[in-house]
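What follows is one structure encoded as structure tokens, with my remarks underneath.
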Amino acid sequence: MKMRLDHHRAISMLASKVGEPVDSVEQMVVWGNHSPSMYPDIRFASVAGREASKRIDEAWYRNEFIPKVGQRGAAVIKARGLSSAASAANAIIAHTRDWALGSSGRWVTMGVVSDGSYGIPEGLVFGMPCICEQGKWEVVKGLDIDPFSRQMMDRSLAELQEERRTVPWRIADYRLNMNT
């Protein structure tokens, strides 16, 4: 559900940049891990019916938007001295609502167990664009992955694979500490 928080942050930043309401942003995708390595991808997004990529410049997108979306949680904590619990709660509500009741054909980012789509190994949980209907989610298929996007997705993938490799050790450490 944290990927939905990142999805909301990406939509909010894009809408603010172009001076449009957040509900005018469609087909935003946030690929990867809930960490600074996530990749908010606007290549398929539209704002008020116009291609998002034509409403912003590439330098802002790569040098400001991508890193700021990835570091937004830390920035909120630093500025407020508090977590973004209200935003996280809102993301949980939106995620659960769309999953249970359907997303009405809208793309939503969900951390899902990969089926091998987009070169993400099967079984790894990865943020991907999904459409929800009748309590089920389905990954949006057939999107073109350009070289820059592949690089960004692979960066997040490498981080997740490293996290997966360290999990057994963390569980073992946790169990040892529980017994002392």
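The values are calculated or read from the model by the stated rules, or taken from the named source; none is laboratory data. The structure presented is a predicted model; accordingly, all values stated were derived computationally and were not measured. Please note: Cβ atoms are built from the backbone with ideal geometry, for glycine as well, and neighbour counts cover all protein chains shown.
If the requirement is being modelled with pLDDT of 95 or more, of a type in the set (D, E, K, R) and either more than 20 Å from Met128 (Cα to Cα) or not in a loop (DSSP other than H, G, I, E, B) (or both), which of these qualifies: Arg97, Arg72, Arg62? Spell out how you get there, then give the answer.
Values: Arg97 fails: modelled with pLDDT of 95 or more; Arg72 fails: modelled with pLDDT of 95 or more.
Only one candidate passes the filter, namely Arg62.
Scanning the range 44-59 for residues that are of a type in the set (A, V, I, L, M) and not in a helix (DSSP H, G or I), which turns out nearest to Pro129 (Cα to Cα)?
Ala45
Going through the range 129-141 one residue at a time, which ones are touching a helix residue (DSSP H, G or I) at 6+ places or on another chain (Cβ under 7 Å) and not β-branched (Val, Ile, Thr)? Talk me through it step by step, then tell me what you get.
Going residue by residue through the range 129-141, those that are touching a helix residue (DSSP H, G or I) at 6+ places or on another chain (Cβ under 7 Å) are 132, 135, 137, 139, 141.
Cys132, Gly135, Trp137, Lys141, listed by residue number.
In the range 9-25, what count of residues is obtained for those that are out of contact with any strand residue (DSSP E or B) (no Cβ under 7 Å at 6 or more places or on another chain) and buried (at least 22 other Cβ atoms within 10 Å of the Cβ)? Before the answer, list the steps.
Initially, the range 9-25 is screened for residues out of contact with any strand residue (DSSP E or B) (no Cβ under 7 Å at 6 or more places or on another chain), giving 9, 12-13, 16-17, 19, 21-23.
If we keep only those that are buried (at least 22 other Cβ atoms within 10 Å of the Cβ) as well, we get 9.
Summing the residues that are out of contact with any strand residue (DSSP E or B) (no Cβ under 7 Å at 6 or more places or on another chain) and buried (at least 22 other Cβ atoms within 10 Å of the Cβ) in the range 9-25 gives 1.
Considering only the range 134-153, state which residues are surrounded by 16 or more Cβ atoms within 10 Å (Cβ to Cβ) and in a helix (DSSP H, G or I).
Residues satisfying the conditions are Ser149, Met152, Met153.
Do you know which of the residues in the range 7-60 that are under 21 Å from Val140 (Cβ atoms) and among the aromatic types (Phe, Trp, Tyr) is nearest to the chain's Cα centre (by Cα)?
Ranking the candidates gives Trp31 first.
Report, by residue number, each residue of the range 10-43 that is in contact with a Pro (Cβ under 8 Å, 6 or more places away or on another chain), assigned to a helix (DSSP H, G or I) and either within 16 Å of Met152 (Cβ to Cβ) or of a type outside the set (A, V, I, L, M) (or both).
Across the range 10-43, the qualifying residue is only Ala10.
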